[in-house]
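Right, one structure below, let's go through it.
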Amino acid sequence: MIEYKVLKNNITIVLNEEWNSSNEREGIPLLATEKRNNTYGPVRVSGKNIKFYNIKETDVNTTYDYLFLEGYDNSLNNHTEHTSYKNLKVNEVIIAHSGEYATADELKEWNTFLNKNNISYKEKKVVIPIDEYKEDTYGWKLFKYPFSALRFFCSTDNKTFVGNEYTIDDCIGVGFSEEQKPKVFNCLINSVRRGRFHLAKQLLQSSCLEYGTCYWKEMVYDNKKIPSYGKHWIDSKHKSNADRFKFQPQHSKNAYIELQCESHIEQNSTFVTEKASKAFMGLQFPFFLAQPNYYQYFRDWGFDMFDDIFDHSYDTLPIRTEKELYHKVDMIISQLEKACEWDLHEIYIHNKVRLLHNQQRLYELVHSNNNRESALFDFIFQKNL
């Protein structure tokens, strides 16, 4: 049975111009009510005490409780004035950016939106999946929760990851098999980013490419181009491009090492995405191109990074320049090339207990000990329960 928290006081929430109040299928950022569904890690709250308004329906002489906006909303990011938002009065501005990182520049841009439209507010908040934030917040209050990212991305409330119909295997991962795996590593790249471009480029120049299952489309970065490589990894079960976010066990059964490039590798704050979970769920050795101290983050949460087997000393290195990025990628590929010369199957069999520990640890943190929804409710609505 699904339970919805009931607010103590009646509240008003203002939503963007595209929101259709007459369509009960129209979702709400961050929230799910009895009538309006949200499949992206929502707070479940009863709609009985909430009055929703399209921004076009608001009155400049009225003060509303909340303005809810998506971080992707064009209104926030194009630095122009919007008649609908002009002189709006609210107690709180809430920006939903649940699956993304918000850079300091983006926070600054969102301030520009508020100022240009003369929006009056008492507090401004952003929901992103972080434990800590080391950049300038420009006055924004950020939602922080321990092990926040994977408790959001891998939750059964996030249908982008597990789908509407899921099994226990979609939550735990694969079982241990003593069968030989055909490849040493996987490196599956979808969208073009600076780090992924360099990783693919240097893999093409390495001696280990033939030992891996790699895929990327033609990539162009900084007026440089590398050709497409490999076959698309979406299988018969995961037919749409959106399914790339889901755990796909056939790939973990294909290789011993999972090589992933994170989304925001230049930041000082540790921003984790669903990519990190795939090695743990798939009983694979994790290799990451990511922010400084990314491996240390997982060590601190009780995960085994197999430091006695692989040299992950590059973990502490920052990525501020192209030279630093090249050097870090070079160190990762050097470790990969060494692994291609080893009997990884024997190492894999020998480390069965340690691999299963990582899988179990992820399950415990995400599915057995996860109060993120309650913490998010308190962050948004404070004591109004």
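The values are calculated or read from the model by the stated rules, or taken from the named source; none is laboratory data. Since this is a predicted model, take the numbers as computed values, not measurements. Using ideal geometry, Cβ is built from the backbone for each residue, glycine included, and neighbour counts are taken over all protein chains shown.
Looking for something surrounded by fewer than 19 Cβ atoms within 10 Å (Cβ to Cβ), farther than 30 Å from Thr80 by Cα, assigned by TED's automatic domain parsing to the domain that holds Phe245 and of a type outside the set (S, T, N, Q) - is there at least one such residue anywhere in the stretch 145-155? There is no residue in the stretch 145-155 that is surrounded by fewer than 19 Cβ atoms within 10 Å (Cβ to Cβ), farther than 30 Å from Thr80 by Cα, assigned by TED's automatic domain parsing to the domain that holds Phe245 and of a type outside the set (S, T, N, Q).
I'd like to check something: does the stretch 323-344 contain any residue that is of a type in the set (S, T, N, Q) and in a loop (DSSP other than H, G, I, E, B)? No, there is no match, as no residue in the stretch 323-344 is of a type in the set (S, T, N, Q) and in a loop (DSSP other than H, G, I, E, B). Of all residues in the stretch 5-49, exactly one satisfies the criterion of being touching a residue at least 60 places away in the same chain (Cβ under 8 Å), under 18 Å from Glu373 (Cβ atoms) and among the polar types (S, T, N, Q), namely Thr39. Considering the stretch 120-139, and only residues there that are touching a helix residue (DSSP H, G or I) at 6+ places or on another chain (Cβ under 8 Å) and touching a residue at least 40 places away in the same chain (Cβ under 8 Å), the residue that is nearest to His82 (Cα to Cα) turns out to be Tyr121.
Lys224 meets each of the listed conditions (1) surrounded by 18 or more Cβ atoms within 10 Å (Cβ to Cβ); (2) over 27 Å from the mean Cα position of the chain (by Cα) apart from (1). Is at least one residue of the stretch 204-219 more than 17 Å from Phe288 (Cβ to Cβ) and touching a Pro at 6+ places or on another chain (Cβ under 7 Å)? Yes, that holds for at least one residue.
Scanning the stretch 255-276 for residues that are part of a strand (DSSP E or B) and of a type in the set (S, T, N, Q) gives a single hit, Gln260. Within the stretch 68-111, the set of residues being under 25 Å from Thr160 (Cα atoms), of a type in the set (A, V, I, L, M) and either at pLDDT 95 or above or within 19 Å of the chain's Cα centre (by Cα) (or both) comprises Leu69, Ile94, Ile95, Ala96, Ala102.
Please work out if Glu109 is in a loop (DSSP other than H, G, I, E, B) and either outside the structural domain of Asn38 (by TED's automatic domain parsing) or of a type outside the set (Ser, Thr, Tyr) (or both).
In short, no.
Have a look at Ala32, Ala96 and point out the one that is in the same structural domain as Ala149 (by TED's automatic domain parsing), of a type in the set (Gly, Ala, Ser), surrounded by 12 or more Cβ atoms within 10 Å (Cβ to Cβ) and in contact with a Lys or Arg (Cβ under 7 Å, 6 or more places away or on another chain).
On the way: Ala96 fails: in contact with a Lys or Arg (Cβ under 7 Å, 6 or more places away or on another chain).
It is Ala32.
State yes or no: is Val162 closer than 30 Å to Cys214 by Cβ, in contact with a Ser or Thr (Cβ under 6 Å, 6 or more places away or on another chain) and buried (at least 18 other Cβ atoms within 10 Å of the Cβ)? In short, yes.
Against the definition (surrounded by fewer than 13 Cβ atoms within 10 Å (Cβ to Cβ) and aliphatic (A, V, I, L, M)), how does Val60 come out, yes or no?
On the way: surrounded by fewer than 13 Cβ atoms within 10 Å (Cβ to Cβ): yes; aliphatic (A, V, I, L, M): yes.
So Val60 fits the description; yes.
For the stretch 6-39, a residue qualifies if it is small (Gly, Ala, Ser) and within 24 Å of Gly99 (Cβ to Cβ), and the qualifying residues are Gly27, Ala32. Total residues in the stretch 250-266 satisfying the condition of being at pLDDT below 90 and crowded, with 21+ Cβ neighbours inside 10 Å: the figure is 1. Apart from one condition, Asp136 fits all of (1) under 28 Å from Leu325 (Cα atoms); (2) buried (at least 21 other Cβ atoms within 10 Å of the Cβ); the exception is (2).
Scan the stretch 269-278 and tell me whether some residue there is at pLDDT 90 or above and more than 25 Å from Leu142 (Cα to Cα). Taking every residue of the stretch 269-278 in turn, at least one turns out to be at pLDDT 90 or above and more than 25 Å from Leu142 (Cα to Cα). Under the condition of being of a type in the set (Lys, Arg) and free of Cβ contacts under 8 Å to residues at least 60 places away in the same chain, which residue from the stretch 337-382 is farthest from Gln202 (Cα to Cα)? Filtering the stretch 337-382 for residues that are of a type in the set (Lys, Arg) and free of Cβ contacts under 8 Å to residues at least 60 places away in the same chain, the one farthest from Gln202 (Cα to Cα) comes out as Arg354. Counting only residues that are within 24 Å of the chain's Cα centre (by Cα), surrounded by 15 or more Cβ atoms within 10 Å (Cβ to Cβ) and among the β-branched types (Val, Ile, Thr), the stretch 183-221 holds 3 of them.
Does Ile2 satisfy the condition of being closer than 19 Å to Glu373 by Cβ, assigned to a loop (DSSP other than H, G, I, E, B), touching a residue at least 40 places away in the same chain (Cβ under 8 Å) and among the β-branched types (Val, Ile, Thr)?
Values: closer than 19 Å to Glu373 by Cβ: yes; assigned to a loop (DSSP other than H, G, I, E, B): yes; touching a residue at least 40 places away in the same chain (Cβ under 8 Å): yes; among the β-branched types (Val, Ile, Thr): yes.
Yes: the conditions hold for Ile2.
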